[in-house]
Amino acid sequence: MNRAALLFAALLCACSPQRTAETPGPAAEGAVLRLATEGANAPFNFYQGEQLTGFEVELGNALAQQMGMRAEWTAQPFESLLIGLEGQRYDLVIASHGVTEERAKAVDFTDPHYCTGGIIVTRSGGPGTAAELAGKTVAVQVGTTYLQAVQDLPGVGEVRSLPKDTDALQNLISGRADAWVSDRFVAAGAREAQPQARLETGDLLFQEKIAMAVAKGNDSLRERVNTALAELEENGTYARLSQQYFGEDIRCD
Ligand code: ARG
């Protein structure tokens, strides 16, 4: 056979049914569940030294275990997480994505794993209501529902969008921004972690359902994750993790 014929044969072979049967599908016992998150969004997903941890990381590990799979993690910038599903670099994204129509065009969402909202955070005495943000500088993370919400507010002076939510928080603390809009649980964590910054929370601007994402059309994995999540909600694992991180149960009603 010449080179072209060999290459063609190799391609055929890669597509043959035997090859497909050997490759463990996401449903196989002992298979690897490739998860992705950001790793800069405490208390949901963050690094403790070298160790990736947080509510979503522990929940992801518990889900994998429930599905009889081994979790393998990738951390990458928030903005490119959903795009990576298309490239099949990983199977499941768990990074506090709000379920939006826009995102649902590109990926499929699982059932929500918690419910929350976007809140205004200021330094002591800062602009804590939507109306008070008029003419002010607001810092938010790029590619988030917070950015969208702030852009939708009339009269905001300047919107600073930063690569990481922690950068947006630093903008507030250093005075480069008058307010920061972020997740209400993230904000509570930041207030606790940095009491010297004297942060205050203001209006809840919107509420959202947070879910995991799979590649568009990956129904088998989406259904398995939904089943596993329901089991963890049933058997007390979810409640334990939620209490551990938040002192309350943050599942959607
Ligand atoms: N909930 C917000 C959104 O859906 C922000 C999520 C931020 N997550 C993160 N891992 N930094 O856009």
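Computed from the C-beta positions of E101 and T227, the FRET efficiency with R₀ = 25 Å rounds to 0.50. The Cα atoms of the range 79-118 cover 30, 19, 17 Å along the three principal axes, with the biggest extent listed first. Taking amide H as placed 1.01 Å from N in the peptide plane, G202 has its amide H under 5 Å from the amide H of I120, V121, T122, each at least 5 places away in sequence or on another chain.
Each 5 Å bin from 0 upward holds the following percent of the Cα-Cα pairs of the range 116-208: 3, 16, 31, 30, 16, 4, 0.
With a cut-off of 13 Å between beta carbons, the residues surrounding A95 carry a summed charge of -3, where Lys and Arg count +1 and Asp and Glu -1. Under a no-solvent Debye model with one identical scatterer per Cα of the chain, what's log10 I(q)/I(0) at q = 0.13, 0.17 Å⁻¹? Debye output, listed in q order: -0.83, -1.27. Here Q88 and E234 are evaluated by their C-beta separation; at R0 = 22 Å the FRET efficiency comes out at 0.10. Over all other residues within a Cβ to Cβ distance under 15 Å of N171, the charged ones net out to +1, with Lys and Arg as +1 and Asp and Glu as -1. For K105, the lysines whose Cα falls under 22 Å of its own Cα, not counting residues fewer than eight places away in the same chain, are K209, K216. Here the label points at Y47 and E132, each 7 Å from Cα along the C-beta direction, are separated by 3.6 nm in the simple model. Remark: the range 115-123, residue by residue, has Karplus-estimated 3J(HN,Hα) of 10, 7, x, x, 10, 7, 10, 9, 7 Hz, where x stands for each Gly or Pro and the curve is 6.51 cos²θ - 1.76 cosθ + 1.60 at θ = phi - 60°.
Where a number appears in this text, it was derived from the coordinates with a stated rule and is not lab data. The model shown is predicted, which means the values in this text are computed figures rather than measured ones. Counting neighbours? That spans all protein chains shown, and the Cβs are built from the backbone with ideal geometry, glycine included.
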